[in-house]
Amino acid sequence: MEFRWLYDAFGLFYATSLVLFFIDAFQPRRAINRTALILLFVVFCLETVFLLGRLDSLGYVPIYSAFDSMLLFSWLIVLIALVVNAFFRLDLVLIFANLIGFSVVLFDSFAREELSYYTNPQGDLLILHISMALLSYVAFTFAFAFSLMYLIQDRLLRRKQWLRWFFRLPSLERLDLYMFRSILVGYPLLLVAIVLGVIWSEISLGMLVWRDPKFISTILLFFMYGIYLLLRVRAHWAGRKLMWYSVVCYAGVILNYVIVGSFSPFHR
């Protein structure tokens with residue numbers, strides 16, 4: 001509650017930035033776009049201060065609870081979106097990243113749980129496990145954003161609708177490449193997270209959690225993205241079908257992260 005006002009503040013800036021980005025998407029105005037970008041940077045700064053405040057009050061990295069991990073997930077999305085936009089000028093990526101990040105913060109505010117204090121001698125290993133998992137989810141989130149942008153661009157091309165969105169979106173080839181690279185980054189990170197989780201469970205619990213629902217769903221998710229890479233690299237698949245498959249894979253990410261974890265005694 002000490003930092004509740006800060007949480008509400010960056011939530012408000014988040015919503016305002018998202019609205020301005022949507023206005024700019026349909027009625028482009030340089031001033032509106034610049035204001036939305038500045039507000040998103042303010043969100044990043046306030047969220048950073050909030051996380052640092054949590055670190056100071058808890059005395060350890062705020063990552064173990066669902067509330068803290070989802071907040072960190074949102075922070076990473078904003079950080080990477082700002083960096084990507086700075087180097088590649090993909091301003092529409094900011095819309096999707098902003099929407100997903102704001103949705104996470106909004107869900108987090110309603111699904112907030114009491115923090116369970118964690119004291120374990122293998123805590124550093126668990127931090128690495130959770131961090132790798134979050135980074136892989138962030139990479140898959142951007143792959144999802146690029147796949148949606150691809151589907152929008154493809155639809156505009158097939159219908160020969162030369163809307164403002166058409167000229168602001170990258171080419172289909174670039175979007176396909178960006179999505180492929182995002183998954184190529186997230187896939188090994190997910191593998192590392194799985195391996196670290198197995199090692200942590202053996203060291204800390206003296207057992208392997210093979211029957212844990214979250215472990216099973218994560219393995220399934222790993223194979224789903226593995227199939228994507230096989231189709232993309234070996235079978236040379238491309239186009240709408242592969243993009244829709246990427247959307248299905250990201251639905252698996254959401255289910256694995258938000259829903260399945262609540263049924264796991266080790267991840268709840």
Inset, instruction - Kindly indicate whether Val49 is closer than 21 Å to Asp108 by Cβ and surrounded by fewer than 18 Cβ atoms within 10 Å (Cβ to Cβ). - result: yes
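A quick yes/no check of all residues on (1) more than 17 Å from the chain's Cα centre (by Cα); (2) outside the structural domain of Val247 (by TED's automatic domain parsing); (3) modelled with pLDDT of 85 or more:
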| position | (1), (2), (3) |
| --- | --- |
| Phe67 | no, yes, no |
| Asp108 | no, yes, no |
| Ala111 | yes, yes, no |
| Leu125 | yes, no, no |
| Ala133 | no, no, yes |
| Thr141 | no, no, yes |
Legend entry - Failed item in (1) farther than 14 Å from Leu99 by Cα; (2) part of a helix (DSSP H, G or I), with Ile77 passing the rest: (1)
Inset, instruction - Output the number of residues of the stretch 83-92 satisfying the condition of being modelled with pLDDT of 80 or more and buried (at least 17 other Cβ atoms within 10 Å of the Cβ). - result: 2
Legend entry - Qualifying residues in the stretch 203-226 (those that are surrounded by fewer than 13 Cβ atoms within 10 Å (Cβ to Cβ) and of a type in the set (Phe, Trp, Tyr)) - the one nearest to the chain's Cα centre (by Cα): Phe223
Inset, instruction - Within the stretch 71-82, track down each residue that is over 21 Å from Phe26 (Cα atoms) and either buried (at least 19 other Cβ atoms within 10 Å of the Cβ) or touching a residue at least 60 places away in the same chain (Cβ under 8 Å) (or both). - result: Leu71, Leu72, Phe73, Ser74, Trp75, Leu76, Ile77, Val78, Ile80
Inset, instruction - Determine which member of the set Ser246, Ser262 is under 27 Å from Ser69 (Cα atoms) and surrounded by 18 or more Cβ atoms within 10 Å (Cβ to Cβ). - result: Ser246
Inset, instruction - Being in contact (Cβ under 8 Å) with a residue 12 or more places away in the chain, in contact with a Phe, Trp or Tyr (Cβ under 6 Å, 6 or more places away or on another chain), among the aromatic types (Phe, Trp, Tyr) and assigned to a helix (DSSP H, G or I) narrows it down to one of Tyr64, Tyr14, so name that one. - result: Tyr14
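The values are calculated or read from the model by the stated rules, or taken from the named source; none is laboratory data. All of these numbers come straight from a predicted model, not from anything done at the bench. As a convention, Cβ positions derive from the backbone with ideal geometry for all residues, glycine included, and neighbour counts pool all protein chains shown.
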